[in-house]
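Each reported figure results from applying straightforward, stated rules to the coordinates on display, with no laboratory input. Please read all numbers here as calculations on a predicted model, not as lab measurements. All Cβ positions, glycine included, derive from the backbone under ideal geometry; neighbour counts span all protein chains shown.
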Amino acid sequence: MFFKKPYKVEKDEDNRVPPGQTVTEQFPVLTDGVTPEVNTSDWVFEIKYQEDTLRSINWKEFNSLKQMPVTTDIHCVTRWSKLDTEWEGVSVDTLLDGIFDDTKHKYVMAFCYGGYTTNLPIEDIIGGKAHVVTKYDSKDLEREHGGPARLLVPHLYLWKSAKWIKGLHLGESDSPGYWEQYGYHMYGDPWKEQRFWND
Ligand SMILES: Nc1nc2c(c(=O)[nH]1)N[C@H]1C(S)=C(S)[C@@H](COP(=O)(O)O)O[C@H]1N2
Ligand SMILES: [Mo]
């Protein structure tokens, strides 16, 4: 008798966890420096290109955009991974809708309340690959994990998932963000163990 293979084979844990990582049930907090207190009444999210602000939205406007559930594994460069984390937020595609110009917008610097920054190629935050999330486990995102809103780019090491996000600065060229200036990899692919500059 002929059995069709199931369309989606559940990946076993070994194949889901990048090299050098260990799965944790905890959700460690990793913050360098201040944990800013950001009130949603003051919150603004800005998208900039050079000196121009292409979009500026407040909390109410952000929440009126299409909210998406995201279930994903996350990987921290300090060697923990967490499987099937559940988030909710707005796709970066939605945030860039109508303003994205692929001839000029090649890289992005995410900037945050508190001053943290991290750089990414624009390709890595479009096409459903990144969200600005405001909920974790169906609850408002805790302040220590970046509440009220953080970037979530789960296919890269978690330092790229900027907490307390304030906006995205689009540009033509790549320049190092906070950790990248201190030697963290410019790209940060966990499957290639791109932890530091020479990896
Ligand atoms: N604004 C800001 N975002 C940040 C950081 C930070 O120090 N400040 N740390 C990064 C690092 S190194 C990691 S591993 C993750 C940790 O997220 P968590 O604290 O929710 O686990 O946030 C990233 N985003
Ligand atoms: Mo990290």
The residues M109, M68, sorted from fewest to most surrounding Cβ atoms within 10 Å, come out as M68, M109
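Where does each of 188-199, 42-53 land if you order them by average Cβ count within 10 Å, highest first?
My ranking of the peptides, most packed first, is 188-199, 42-53.
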What does the extension gain come out to for E25 and W191, with contour length at 0.36 nm per residue minus their alpha carbon separation?
57.7 nm
For the stretch 44-192, just list the percent of Cα-Cα distances falling in each 10 Å bin from zero outward, please.
11, 45, 36, 7
Using Cα-Cα distances under 8 Å and only pairs 6 or more residues apart, what relative contact order does the chain have, in percent?
23 percent
Quick check: the distance between the Cα centres of the stretch 14-63 and the stretch 123-176, to the nearest angstrom?
4 Å
Express the Stokes-Einstein translational diffusion coefficient of the stretch 26-112 in µm² s⁻¹, to the nearest whole number, given a Kirkwood radius over alpha-carbon pairs, 25 °C and a viscosity of 0.890 mPa s.
155 µm²/s
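Set the Förster radius R0 to 25 Å, insert the Cβ-Cβ distance between D199 and D84 as r into 1/(1 + (r/R0)^6), and round the FRET efficiency to 0.05.
Given R0 = 25 Å and the Cβ-Cβ separation, E is 0.40.
With a cap of 15 neighbouring Cβ atoms within 10 Å, and only residues DSSP puts in a loop, list the chymotrypsin sites (Phe, Trp or Tyr not before Pro) found in the stretch 101-184.
Here the sparse-neighbourhood loop sites are Y182.
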